[in-house]
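Here's the structure, in structure tokens; my notes come after.
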Amino acid sequence: MVGVGEFQDARELGKAEGRAEDRASLIRRVLEKHGIPVPEETRERITSCTDLDTLAPWFDRSLTATAAGDLFAEDPEEPGPGSAGGS
């Protein structure tokens, strides 16, 4: 039997996942409306992200992006030009 606490935790998790899906959808929509092509790899990265703290700056960047890669410009896993990672 599922306890009340477990039910509430599952419910909150479901809400958070729903918010993340909505945010990812908005990011894709903004890029689409700006006529920016979104490669499959980028689309997958956006849709698979469940961290609202990551999606928030991606959304902000989508508003001024000129290319899909602009979303990740300041992310540590995507070094930008002139960064000291991996030469």
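Just so it is clear, none of the values below were taken in a lab; they were calculated from the coordinates. Worth saying up front: this structure is predicted, and the values here are computed from it rather than measured. FYI the Cβ positions are ideal-geometry reconstructions off the backbone, even for glycines, and counts take in every protein chain you see.
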Next item on the list: Using per-residue counts of other Cβ atoms within 10 Å, averaged over each peptide, order 44-51, 9-16 from highest down.
Entry: 44-51, 9-16
Check: How would you rank 32-38, 21-27, highest first, on the average number of other Cβ atoms within 10 Å across their residues?
Finding: 21-27, 32-38
Notebook entry, point to check: To one decimal place, what orientation-averaged projected area in nm² is obtained for the convex hull of the Cα set of region 21-63?
Noted result: 2.6
